[in-house]
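The values are calculated or read from the model by the stated rules, or taken from the named source; none is laboratory data. What you see is a predicted model; the values in this text were computed from it and never measured. As a convention, Cβ positions derive from the backbone with ideal geometry for all residues, glycine included, and neighbour counts pool all protein chains shown. Quick note on the areas: whole protein, heavy atoms, side chains included, nothing else; ligands and nucleic acids left out. Shrake-Rupley method; radii C 1.70, N 1.55, O 1.52, S 1.80 Å.
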Amino acid sequence: VAAEAPATPAAGGPAVILGAGYAGLALAREVDRRVRGAFPVVIIDRHPVHVLKTELYELGEMAKPGAPREKWALPIEKALDSREVEFRTGEVEAIDLGAREVRYGGGSIRYGSLAICLGSVTAYYNIAGARENSYEVYTLAGAERLAARLREVMAESPKLAPGKRPRILVVGGGSTGTEVAAEIVTTDWREVTGDPRVRDPGVLQVVGREPFLAGFPQGLVQRAMDLLRRAGVLLWEGANVVKVEPGRVELEDAGSIPFDVLIWCAGLQVPPVVRALPGPHGMGGRVKVNENLELLDTPNVFVAGDCADVRDAKTGGMIPATAQAALQEAPVAGRNLVHRRRGEPLETFRYRPQGVIVQVGHGKAAGTVRKLTLWSRPAALLKALSEREYAAAVERSAPPPSRGSL
Ligand SMILES: Cc1cc2nc3c(=O)[nH]c(=O)nc-3n(C[C@H](O)[C@H](O)[C@H](O)COP(=O)(O)OP(=O)(O)OC[C@H]3O[C@@H](n4cnc5c(N)ncnc54)[C@H](O)[C@@H]3O)c2cc1C
(Lines give C-alpha, C1' and ligand atoms only; values in the text may rest on other atoms or scores of the structure.)
Protein backbone atom coordinates (compact mmCIF):
# COMPACT_ATOMS: atom_id res chain seq x y z
CA VAL A 1 0.00 0.00 0.00
CA ALA A 2 1.49 3.29 -1.08
CA ALA A 3 1.07 6.33 1.12
CA GLU A 4 0.15 9.00 -1.37
CA ALA A 5 -1.65 12.07 -0.06
CA PRO A 6 -4.98 12.61 -1.81
CA ALA A 7 -4.87 15.57 -4.19
CA THR A 8 -8.53 16.60 -3.97
CA PRO A 9 -11.28 16.48 -1.39
CA ALA A 10 -13.90 13.77 -1.72
CA ALA A 11 -16.34 14.44 -4.53
CA GLY A 12 -20.12 14.54 -4.07
CA GLY A 13 -22.55 12.78 -6.39
CA PRO A 14 -22.80 9.13 -7.29
CA ALA A 15 -19.95 6.82 -8.23
CA VAL A 16 -20.65 5.92 -11.85
CA ILE A 17 -19.13 2.80 -13.38
CA LEU A 18 -19.13 2.50 -17.17
CA GLY A 19 -19.18 -1.08 -18.48
CA ALA A 20 -20.27 -4.27 -16.73
CA GLY A 21 -17.69 -6.62 -18.21
CA TYR A 22 -14.91 -8.33 -16.24
CA ALA A 23 -13.47 -5.09 -14.86
CA GLY A 24 -16.72 -3.11 -14.34
CA LEU A 25 -18.64 -5.82 -12.56
CA ALA A 26 -15.77 -6.67 -10.19
CA LEU A 27 -15.17 -2.97 -9.53
CA ALA A 28 -18.86 -2.33 -8.75
CA ARG A 29 -18.90 -5.23 -6.33
CA GLU A 30 -15.76 -3.98 -4.57
CA VAL A 31 -17.15 -0.45 -4.18
CA ASP A 32 -20.47 -1.85 -2.97
CA ARG A 33 -18.74 -4.04 -0.36
CA ARG A 34 -16.77 -1.05 0.99
CA VAL A 35 -19.51 1.57 0.86
CA ARG A 36 -22.70 -0.30 1.74
CA GLY A 37 -25.00 2.47 0.56
CA ALA A 38 -23.00 5.42 2.01
CA PHE A 39 -23.17 7.02 -1.44
CA PRO A 40 -25.05 5.98 -4.58
CA VAL A 41 -23.34 3.62 -7.03
CA VAL A 42 -24.61 3.39 -10.60
CA ILE A 43 -23.31 0.96 -13.25
CA ILE A 44 -24.15 1.44 -16.94
CA ASP A 45 -23.81 -1.04 -19.80
CA ARG A 46 -25.40 -1.28 -23.24
CA HIS A 47 -26.50 -4.85 -22.47
CA PRO A 48 -28.39 -6.21 -19.44
CA VAL A 49 -26.05 -9.22 -19.48
CA HIS A 50 -22.46 -9.87 -18.43
CA VAL A 51 -20.79 -11.55 -21.41
CA LEU A 52 -18.31 -14.37 -20.73
CA LYS A 53 -16.03 -13.01 -23.41
CA THR A 54 -13.21 -15.45 -22.73
CA GLU A 55 -15.50 -18.26 -23.91
CA LEU A 56 -16.62 -16.71 -27.19
CA TYR A 57 -14.31 -19.00 -29.18
CA GLU A 58 -16.83 -21.83 -28.55
CA LEU A 59 -18.28 -21.45 -32.03
CA GLY A 60 -19.14 -25.12 -32.55
CA GLU A 61 -21.26 -25.10 -29.40
CA MET A 62 -22.85 -21.78 -30.36
CA ALA A 63 -23.68 -23.05 -33.87
CA LYS A 64 -25.78 -25.93 -32.54
CA PRO A 65 -29.52 -25.37 -33.07
CA GLY A 66 -31.08 -24.00 -29.88
CA ALA A 67 -27.71 -23.32 -28.19
CA PRO A 68 -28.60 -21.58 -24.88
CA ARG A 69 -27.46 -17.94 -25.00
CA GLU A 70 -27.26 -17.96 -21.18
CA LYS A 71 -24.10 -20.05 -21.45
CA TRP A 72 -22.21 -16.94 -22.57
CA ALA A 73 -24.40 -14.17 -21.11
CA LEU A 74 -25.35 -13.90 -17.42
CA PRO A 75 -27.97 -11.37 -16.23
CA ILE A 76 -26.21 -8.39 -14.62
CA GLU A 77 -28.98 -7.81 -12.05
CA LYS A 78 -28.42 -11.32 -10.72
CA ALA A 79 -24.63 -10.92 -10.74
CA LEU A 80 -24.87 -7.73 -8.68
CA ASP A 81 -27.41 -8.99 -6.20
CA SER A 82 -27.28 -5.70 -4.34
CA ARG A 83 -30.00 -3.13 -3.87
CA GLU A 84 -27.28 -0.55 -3.25
CA VAL A 85 -25.92 -0.70 -6.81
CA GLU A 86 -28.24 0.63 -9.48
CA PHE A 87 -27.87 -0.91 -12.93
CA ARG A 88 -28.88 1.14 -15.96
CA THR A 89 -28.93 0.00 -19.59
CA GLY A 90 -27.73 2.42 -22.25
CA GLU A 91 -25.09 3.17 -24.83
CA VAL A 92 -22.39 5.45 -23.37
CA GLU A 93 -22.04 8.22 -25.96
CA ALA A 94 -19.70 10.77 -24.38
CA ILE A 95 -17.68 11.38 -21.22
CA ASP A 96 -17.24 15.04 -20.27
CA LEU A 97 -14.46 15.10 -17.66
CA GLY A 98 -14.71 18.91 -17.22
CA ALA A 99 -18.43 18.90 -16.46
CA ARG A 100 -18.21 15.51 -14.65
CA GLU A 101 -20.99 14.22 -16.81
CA VAL A 102 -21.65 11.08 -18.87
CA ARG A 103 -24.13 11.08 -21.74
CA TYR A 104 -25.74 7.71 -22.35
CA GLY A 105 -28.88 6.23 -23.87
CA GLY A 106 -30.32 9.65 -24.73
CA GLY A 107 -29.90 10.96 -21.15
CA SER A 108 -27.07 12.02 -18.90
CA ILE A 109 -25.73 11.58 -15.38
CA ARG A 110 -23.40 13.76 -13.31
CA TYR A 111 -20.86 11.86 -11.24
CA GLY A 112 -18.80 12.42 -8.12
CA SER A 113 -16.40 9.62 -9.05
CA LEU A 114 -16.09 7.72 -12.30
CA ALA A 115 -14.72 4.32 -13.29
CA ILE A 116 -14.22 3.66 -17.01
CA CYS A 117 -14.30 -0.07 -17.83
CA LEU A 118 -15.52 -0.08 -21.43
CA GLY A 119 -13.23 -2.84 -22.71
CA SER A 120 -12.05 -3.08 -26.30
CA VAL A 121 -13.31 -3.61 -29.82
CA THR A 122 -11.75 -5.15 -32.94
CA ALA A 123 -8.97 -3.14 -34.60
CA TYR A 124 -8.87 -3.15 -38.42
CA TYR A 125 -5.88 -0.78 -38.81
CA ASN A 126 -7.60 1.02 -41.73
CA ILE A 127 -7.05 -2.04 -43.92
CA ALA A 128 -9.37 -1.58 -46.89
CA GLY A 129 -12.33 -3.96 -46.82
CA ALA A 130 -11.31 -5.72 -43.60
CA ARG A 131 -14.28 -4.64 -41.50
CA GLU A 132 -16.88 -5.08 -44.25
CA ASN A 133 -15.80 -8.55 -45.35
CA SER A 134 -15.01 -10.30 -42.08
CA TYR A 135 -16.53 -11.73 -38.91
CA GLU A 136 -15.25 -11.19 -35.36
CA VAL A 137 -15.53 -12.83 -31.92
CA TYR A 138 -14.89 -9.90 -29.58
CA THR A 139 -18.64 -9.40 -28.97
CA LEU A 140 -21.38 -11.93 -28.28
CA ALA A 141 -23.41 -10.66 -31.25
CA GLY A 142 -20.31 -10.96 -33.47
CA ALA A 143 -19.59 -14.51 -32.31
CA GLU A 144 -23.24 -15.50 -32.80
CA ARG A 145 -23.24 -14.09 -36.34
CA LEU A 146 -20.06 -16.01 -37.10
CA ALA A 147 -21.42 -19.25 -35.63
CA ALA A 148 -24.57 -18.94 -37.77
CA ARG A 149 -22.51 -18.24 -40.90
CA LEU A 150 -20.19 -21.21 -40.25
CA ARG A 151 -23.19 -23.48 -39.83
CA GLU A 152 -24.65 -22.20 -43.10
CA VAL A 153 -21.38 -22.65 -45.03
CA MET A 154 -20.86 -26.15 -43.64
CA ALA A 155 -24.46 -27.12 -44.42
CA GLU A 156 -23.89 -26.05 -48.04
CA SER A 157 -20.60 -27.97 -48.32
CA PRO A 158 -22.04 -31.19 -49.87
CA LYS A 159 -22.91 -29.07 -52.93
CA LEU A 160 -19.27 -28.07 -53.53
CA ALA A 161 -17.36 -29.52 -56.48
CA PRO A 162 -15.73 -32.90 -55.73
CA GLY A 163 -12.59 -32.54 -53.60
CA LYS A 164 -13.44 -28.96 -52.52
CA ARG A 165 -14.15 -27.94 -48.93
CA PRO A 166 -15.22 -24.76 -47.14
CA ARG A 167 -12.25 -22.36 -46.89
CA ILE A 168 -12.04 -20.70 -43.49
CA LEU A 169 -9.43 -18.00 -43.09
CA VAL A 170 -8.49 -16.73 -39.65
CA VAL A 171 -6.37 -13.56 -39.55
CA GLY A 172 -4.28 -13.09 -36.40
CA GLY A 173 -1.56 -15.17 -34.76
CA GLY A 174 -2.47 -14.38 -31.15
CA SER A 175 -4.42 -16.48 -28.66
CA THR A 176 -7.86 -15.51 -30.03
CA GLY A 177 -6.95 -16.44 -33.62
CA THR A 178 -5.45 -19.72 -32.41
CA GLU A 179 -8.47 -20.64 -30.27
CA VAL A 180 -10.89 -19.82 -33.09
CA ALA A 181 -8.96 -21.70 -35.81
CA ALA A 182 -8.55 -24.79 -33.62
CA GLU A 183 -12.19 -24.72 -32.52
CA ILE A 184 -13.45 -24.68 -36.12
CA VAL A 185 -11.19 -27.47 -37.31
CA THR A 186 -12.03 -29.78 -34.38
CA THR A 187 -15.81 -29.19 -34.35
CA ASP A 188 -17.89 -32.10 -35.63
CA TRP A 189 -19.89 -30.13 -38.20
CA ARG A 190 -21.82 -33.26 -39.20
CA GLU A 191 -23.22 -33.38 -35.69
CA VAL A 192 -23.86 -29.60 -35.62
CA THR A 193 -25.74 -29.62 -38.95
CA GLY A 194 -27.27 -33.09 -38.57
CA ASP A 195 -26.04 -33.92 -42.10
CA PRO A 196 -23.55 -36.80 -42.47
CA ARG A 197 -22.53 -35.54 -45.95
CA VAL A 198 -20.99 -32.31 -44.58
CA ARG A 199 -17.31 -31.93 -45.51
CA ASP A 200 -14.54 -30.96 -43.10
CA PRO A 201 -13.46 -27.33 -43.48
CA GLY A 202 -9.95 -26.30 -44.51
CA VAL A 203 -8.70 -23.82 -41.91
CA LEU A 204 -5.80 -21.47 -42.60
CA GLN A 205 -4.47 -19.10 -39.92
CA VAL A 206 -2.64 -16.06 -41.25
CA VAL A 207 -0.15 -15.22 -38.54
CA GLY A 208 1.34 -12.15 -40.25
CA ARG A 209 4.75 -10.67 -39.63
CA GLU A 210 4.57 -10.94 -35.82
CA PRO A 211 5.71 -14.31 -34.45
CA PHE A 212 2.99 -16.88 -33.67
CA LEU A 213 1.63 -16.25 -30.12
CA ALA A 214 4.06 -13.34 -29.64
CA GLY A 215 4.68 -12.55 -25.98
CA PHE A 216 3.59 -15.97 -24.68
CA PRO A 217 6.04 -18.29 -22.84
CA GLN A 218 8.17 -20.35 -25.25
CA GLY A 219 7.05 -23.75 -23.90
CA LEU A 220 3.41 -22.85 -24.44
CA VAL A 221 4.08 -21.53 -27.96
CA GLN A 222 5.75 -24.74 -29.08
CA ARG A 223 3.05 -26.98 -27.61
CA ALA A 224 0.26 -24.84 -29.04
CA MET A 225 1.81 -24.89 -32.52
CA ASP A 226 2.23 -28.63 -32.33
CA LEU A 227 -1.39 -29.18 -31.24
CA LEU A 228 -2.67 -26.76 -33.86
CA ARG A 229 -0.82 -28.46 -36.71
CA ARG A 230 -1.89 -31.90 -35.53
CA ALA A 231 -5.49 -30.71 -35.46
CA GLY A 232 -5.13 -29.77 -39.12
CA VAL A 233 -4.81 -25.96 -39.07
CA LEU A 234 -2.37 -24.60 -41.66
CA LEU A 235 -0.26 -21.62 -40.58
CA TRP A 236 0.74 -18.86 -42.99
CA GLU A 237 3.58 -16.83 -41.54
CA GLY A 238 5.63 -13.81 -42.56
CA ALA A 239 3.23 -11.51 -44.43
CA ASN A 240 0.50 -9.16 -43.22
CA VAL A 241 -2.89 -8.71 -44.87
CA VAL A 242 -3.04 -5.35 -46.69
CA LYS A 243 -6.43 -5.48 -48.41
CA VAL A 244 -9.64 -7.49 -48.25
CA GLU A 245 -12.19 -7.99 -51.00
CA PRO A 246 -15.24 -10.24 -50.94
CA GLY A 247 -13.86 -13.78 -51.01
CA ARG A 248 -10.15 -12.85 -51.13
CA VAL A 249 -7.41 -11.27 -48.98
CA GLU A 250 -4.32 -9.65 -50.40
CA LEU A 251 -0.98 -10.03 -48.62
CA GLU A 252 1.86 -7.51 -48.54
CA ASP A 253 4.12 -9.83 -50.54
CA ALA A 254 1.57 -9.54 -53.38
CA GLY A 255 0.16 -13.03 -52.80
CA SER A 256 -3.56 -13.51 -52.25
CA ILE A 257 -5.69 -16.12 -50.49
CA PRO A 258 -9.33 -16.97 -51.30
CA PHE A 259 -11.85 -17.64 -48.54
CA ASP A 260 -15.46 -18.54 -47.90
CA VAL A 261 -15.45 -17.13 -44.35
CA LEU A 262 -12.91 -14.62 -43.04
CA ILE A 263 -12.50 -14.14 -39.28
CA TRP A 264 -10.60 -11.08 -38.10
CA CYS A 265 -8.69 -11.69 -34.86
CA ALA A 266 -5.80 -9.36 -35.63
CA GLY A 267 -6.00 -6.84 -32.85
CA LEU A 268 -7.81 -4.69 -30.33
CA GLN A 269 -8.47 -1.01 -29.78
CA VAL A 270 -10.51 1.00 -27.28
CA PRO A 271 -14.10 1.94 -28.15
CA PRO A 272 -14.55 5.39 -29.81
CA VAL A 273 -15.95 7.00 -26.62
CA VAL A 274 -12.69 6.13 -24.80
CA ARG A 275 -10.51 7.22 -27.71
CA ALA A 276 -12.24 10.62 -27.57
CA LEU A 277 -11.02 11.25 -24.00
CA PRO A 278 -8.37 13.97 -23.66
CA GLY A 279 -4.96 13.09 -22.23
CA PRO A 280 -2.29 10.62 -23.30
CA HIS A 281 -3.30 7.35 -24.97
CA GLY A 282 -1.11 4.27 -25.48
CA MET A 283 -1.31 1.32 -27.87
CA GLY A 284 -4.73 0.89 -29.48
CA GLY A 285 -5.91 4.09 -27.79
CA ARG A 286 -5.67 2.67 -24.25
CA VAL A 287 -5.85 5.50 -21.71
CA LYS A 288 -2.78 6.08 -19.57
CA VAL A 289 -3.28 5.80 -15.83
CA ASN A 290 -0.94 6.20 -12.87
CA GLU A 291 0.10 3.43 -10.46
CA ASN A 292 -3.20 3.92 -8.57
CA LEU A 293 -5.17 3.28 -11.79
CA GLU A 294 -6.34 6.87 -11.75
CA LEU A 295 -6.50 8.87 -14.98
CA LEU A 296 -3.44 11.13 -15.23
CA ASP A 297 -4.12 14.60 -13.74
CA THR A 298 -7.79 13.72 -13.22
CA PRO A 299 -8.53 12.74 -9.62
CA ASN A 300 -11.69 10.71 -8.98
CA VAL A 301 -11.60 9.08 -12.43
CA PHE A 302 -10.31 5.49 -12.53
CA VAL A 303 -9.79 3.18 -15.50
CA ALA A 304 -9.50 -0.63 -15.45
CA GLY A 305 -9.48 -3.51 -17.94
CA ASP A 306 -8.74 -3.55 -21.66
CA CYS A 307 -9.24 0.20 -22.13
CA ALA A 308 -6.52 1.15 -19.61
CA ASP A 309 -2.81 1.44 -20.36
CA VAL A 310 -1.55 0.01 -17.07
CA ARG A 311 2.17 -0.36 -16.46
CA ASP A 312 3.86 -2.93 -14.26
CA ALA A 313 5.08 -1.05 -11.17
CA LYS A 314 8.36 -3.04 -11.23
CA THR A 315 9.25 -3.42 -14.91
CA GLY A 316 7.33 -0.56 -16.56
CA GLY A 317 6.03 -3.09 -19.13
CA MET A 318 2.41 -2.92 -20.30
CA ILE A 319 -0.04 -5.20 -18.50
CA PRO A 320 -1.79 -7.44 -21.07
CA ALA A 321 -5.40 -6.87 -22.11
CA THR A 322 -6.80 -9.97 -20.43
CA ALA A 323 -9.70 -10.82 -18.15
CA GLN A 324 -7.11 -11.91 -15.60
CA ALA A 325 -5.53 -8.45 -15.55
CA ALA A 326 -8.96 -6.75 -15.55
CA LEU A 327 -9.99 -8.80 -12.49
CA GLN A 328 -6.84 -7.81 -10.60
CA GLU A 329 -7.09 -4.13 -11.55
CA ALA A 330 -10.78 -3.77 -10.72
CA PRO A 331 -10.66 -4.29 -6.92
CA VAL A 332 -7.70 -1.90 -6.60
CA ALA A 333 -9.41 0.76 -8.75
CA GLY A 334 -12.62 0.23 -6.75
CA ARG A 335 -10.87 0.61 -3.39
CA ASN A 336 -8.98 3.68 -4.62
CA LEU A 337 -12.23 5.25 -5.78
CA VAL A 338 -13.53 4.87 -2.23
CA HIS A 339 -10.21 6.02 -0.67
CA ARG A 340 -10.35 9.20 -2.77
CA ARG A 341 -13.82 10.05 -1.53
CA ARG A 342 -12.75 9.49 2.06
CA GLY A 343 -9.50 11.43 1.70
CA GLU A 344 -7.45 8.30 2.44
CA PRO A 345 -4.10 7.26 0.87
CA LEU A 346 -4.38 5.30 -2.37
CA GLU A 347 -3.11 1.77 -3.14
CA THR A 348 -0.48 1.00 -5.75
CA PHE A 349 -1.52 -1.63 -8.30
CA ARG A 350 0.77 -4.64 -8.57
CA TYR A 351 0.14 -7.25 -11.23
CA ARG A 352 0.56 -10.89 -10.25
CA PRO A 353 0.39 -13.14 -13.32
CA GLN A 354 -1.38 -16.41 -12.48
CA GLY A 355 -0.53 -18.27 -15.68
CA VAL A 356 -2.07 -18.52 -19.11
CA ILE A 357 -3.76 -21.30 -21.06
CA VAL A 358 -4.68 -21.23 -24.75
CA GLN A 359 -7.42 -23.62 -25.87
CA VAL A 360 -6.32 -25.52 -28.98
CA GLY A 361 -9.44 -27.34 -30.12
CA HIS A 362 -11.94 -29.51 -28.28
CA GLY A 363 -10.41 -31.05 -25.15
CA LYS A 364 -6.89 -29.75 -25.84
CA ALA A 365 -4.93 -26.71 -24.68
CA ALA A 366 -1.40 -25.45 -24.03
CA GLY A 367 -0.47 -23.38 -21.01
CA THR A 368 2.10 -22.18 -18.54
CA VAL A 369 1.02 -22.10 -14.92
CA ARG A 370 3.48 -21.45 -12.08
CA LYS A 371 6.44 -21.89 -14.48
CA LEU A 372 5.14 -25.34 -15.51
CA THR A 373 4.19 -26.02 -19.10
CA LEU A 374 0.95 -27.97 -19.38
CA TRP A 375 -0.59 -29.24 -22.58
CA SER A 376 -3.28 -31.36 -24.12
CA ARG A 377 -6.02 -32.68 -21.82
CA PRO A 378 -4.70 -31.53 -18.37
CA ALA A 379 -4.31 -27.98 -19.67
CA ALA A 380 -7.82 -28.08 -21.18
CA LEU A 381 -9.29 -29.39 -17.91
CA LEU A 382 -7.62 -26.62 -15.89
CA LYS A 383 -8.87 -23.99 -18.33
CA ALA A 384 -12.42 -25.39 -18.23
CA LEU A 385 -12.26 -25.40 -14.43
CA SER A 386 -11.15 -21.77 -14.25
CA GLU A 387 -13.90 -20.74 -16.69
CA ARG A 388 -16.49 -22.62 -14.65
CA GLU A 389 -15.25 -21.11 -11.37
CA TYR A 390 -15.50 -17.60 -12.78
CA ALA A 391 -19.02 -18.10 -14.17
CA ALA A 392 -20.16 -19.68 -10.89
CA ALA A 393 -18.76 -16.76 -8.87
CA VAL A 394 -20.60 -14.26 -11.09
CA GLU A 395 -23.84 -16.21 -10.80
CA ARG A 396 -23.52 -16.48 -7.02
CA SER A 397 -22.62 -12.80 -6.86
CA ALA A 398 -19.38 -13.81 -5.09
CA PRO A 399 -15.96 -12.18 -5.61
CA PRO A 400 -14.40 -13.59 -8.80
CA PRO A 401 -11.13 -15.56 -8.50
CA SER A 402 -8.25 -13.18 -9.36
CA ARG A 403 -6.87 -15.58 -11.98
CA GLY A 404 -10.22 -15.13 -13.78
CA SER A 405 -10.36 -17.39 -16.76
CA LEU A 406 -6.81 -18.59 -17.42
C1 LIG B 1 -12.29 -15.31 -27.73
C2 LIG B 1 -11.61 -14.65 -26.57
C3 LIG B 1 -10.96 -15.43 -25.63
C4 LIG B 1 -10.31 -14.82 -24.54
N5 LIG B 1 -9.70 -15.64 -23.62
C6 LIG B 1 -9.14 -15.09 -22.52
C7 LIG B 1 -8.59 -15.93 -21.51
O8 LIG B 1 -8.56 -17.16 -21.64
N9 LIG B 1 -8.08 -15.35 -20.39
C10 LIG B 1 -8.09 -13.99 -20.22
O11 LIG B 1 -7.63 -13.52 -19.17
N12 LIG B 1 -8.61 -13.16 -21.16
C13 LIG B 1 -9.14 -13.68 -22.31
N14 LIG B 1 -9.70 -12.85 -23.27
C15 LIG B 1 -9.65 -11.38 -23.09
C16 LIG B 1 -10.76 -10.92 -22.15
O17 LIG B 1 -12.01 -11.34 -22.61
C18 LIG B 1 -10.74 -9.39 -22.03
O19 LIG B 1 -9.44 -8.97 -21.68
C20 LIG B 1 -11.73 -8.94 -20.96
O21 LIG B 1 -13.04 -9.16 -21.43
C22 LIG B 1 -11.51 -7.47 -20.60
O23 LIG B 1 -12.45 -7.08 -19.64
P24 LIG B 1 -13.05 -5.60 -19.66
O25 LIG B 1 -13.94 -5.50 -18.47
O26 LIG B 1 -11.96 -4.62 -19.84
O27 LIG B 1 -13.89 -5.54 -21.01
P28 LIG B 1 -15.22 -6.34 -21.39
O29 LIG B 1 -15.29 -7.62 -20.70
O30 LIG B 1 -15.25 -6.35 -22.89
O31 LIG B 1 -16.38 -5.41 -20.85
C32 LIG B 1 -16.65 -4.15 -21.41
C33 LIG B 1 -18.10 -3.83 -21.16
O34 LIG B 1 -18.37 -2.50 -21.60
C35 LIG B 1 -19.59 -2.46 -22.32
N36 LIG B 1 -19.50 -1.35 -23.27
C37 LIG B 1 -18.51 -1.09 -24.15
N38 LIG B 1 -18.74 0.07 -24.81
C39 LIG B 1 -19.91 0.54 -24.32
C40 LIG B 1 -20.67 1.72 -24.59
N41 LIG B 1 -20.27 2.65 -25.47
N42 LIG B 1 -21.83 1.89 -23.90
C43 LIG B 1 -22.25 0.98 -22.98
N44 LIG B 1 -21.56 -0.13 -22.69
C45 LIG B 1 -20.41 -0.36 -23.35
C46 LIG B 1 -19.67 -3.83 -23.00
O47 LIG B 1 -21.02 -4.16 -23.30
C48 LIG B 1 -19.05 -4.74 -21.94
O49 LIG B 1 -20.03 -5.26 -21.08
C50 LIG B 1 -10.33 -13.41 -24.38
C51 LIG B 1 -11.02 -12.63 -25.33
C52 LIG B 1 -11.65 -13.23 -26.41
C53 LIG B 1 -12.40 -12.37 -27.40
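A few comments on the model shown:
- Taking packing as the residue-averaged number of other Cβ atoms within 10 angstrom, the listed peptides 55-65, 310-320, 224-234 run from highest to lowest as 55-65, 224-234, 310-320.
- Using the alpha-carbon positions of the range 244-322, Rg (one decimal) and Dmax (whole number) come out as 17.6, 51 Å.
- Long-range HN-HN contacts of GLU86 with modeled amide H, under 5 Å: VAL41, VAL42, ILE43
- Two-decimal log10 I(q)/I(0) for the chain, as the Debye equation yields it once each C-alpha is a single scatterer, q = 0.07, 0.13 Å⁻¹: -0.34, -1.11
- Charge dipole magnitude, Cβ of K and R +1, D and E -1 - the chain, Cα centre, debye nearest 20: 680
- Taking the average, over residues, of other Cβ atoms within 10 Å as the packing measure, peptides 142-155, 329-342 rank 329-342, 142-155 from highest down.
- Here the Kirkwood formula puts the hydrodynamic radius of the range 94-240 at 18.2 Å, using every distinct Cα pair.
- Between the alpha-carbon centres of the range 231-247 and the range 339-370 there is a gap of 31 Å.
- Histogrammed with a bin width of 10 Å, the alpha carbon distances of the range 74-151 distribute as 13, 30, 32, 21, 4 percent, first bin at zero.
- The fraction of all Cα pairs in the range 286-385 landing in successive 10 Å bins from 0 to the largest distance is 15, 38, 25, 16, 5, 0, given as whole percents.
- For CYS307, nonlocal amide neighbours, meaning residues 5 or more places apart or on other chains whose placed amide H falls under 5 Å from its own, are LEU118, GLY119.
- Given LYS53/LYS364; LYS164/LYS243; LYS64/LYS159, the pairs whose alpha carbons are separated by over 23 Å: LYS164/LYS243
- Whole-number accessible area per residue in Å² for the range 271-406, which is evaluated in the context of all protein chains at 1.4 Å: 42
- Listed values for the range 146-153 are Karplus-derived 3J(HN,Hα) couplings in whole Hz (6.51 cos²θ - 1.76 cosθ + 1.60, θ = phi - 60°), namely 5, 4, 5, 5, 4, 4, 5, 5, and x replaces Gly and Pro.
- Only Lys, Arg (+1) and Asp, Glu (-1) charged, at Cβ; the range 99-247 dipole about Cα centre in debye: 160
- Close amide-amide hydrogen proximity is noted between GLU93 and ARG103, TYR104, GLY105, each under 5 Å apart and 5 or more residues distant or on a separate chain (H modeled in the peptide plane; Pro and chain starts excluded).
- DSSP-assigned coil residues among trypsin sites (Lys or Arg not before Pro) in the range 62-101, each with at most 12 further Cβ atoms within 10 Å: ARG83
- Taking every DSSP helix (H) stretch of at least 4 residues in the chain, weighting each as -39,500 (n - 2.57) and dividing the sum by the residue count yields a mean residue ellipticity at 222 nm of -9000 deg cm²/dmol.
- Between the Cα long axis of helix 323-342 and the first principal axis of the chain there is an angle of about 10°, rounded to the nearest 10.
- The chain, accessible surface, carbon-and-sulfur percent (1.4 angstrom probe): 51
- Using θ = phi - 60° and Karplus 6.51 cos²θ - 1.76 cosθ + 1.60, couplings along the range 262-275 (whole Hz; Gly, Pro as x): 10, 10, 9, 10, 8, x, 10, 8, 6, x, x, 5, 7, 4
- Principal semi-axes in Å for the range 345-390 [√(5λ), Cα gyration tensor, largest first]: 27, 12, 7
- Measuring how big the range 27-83 is from its alpha-carbon positions, Rg and Dmax come out at 15.0, 47 Å.
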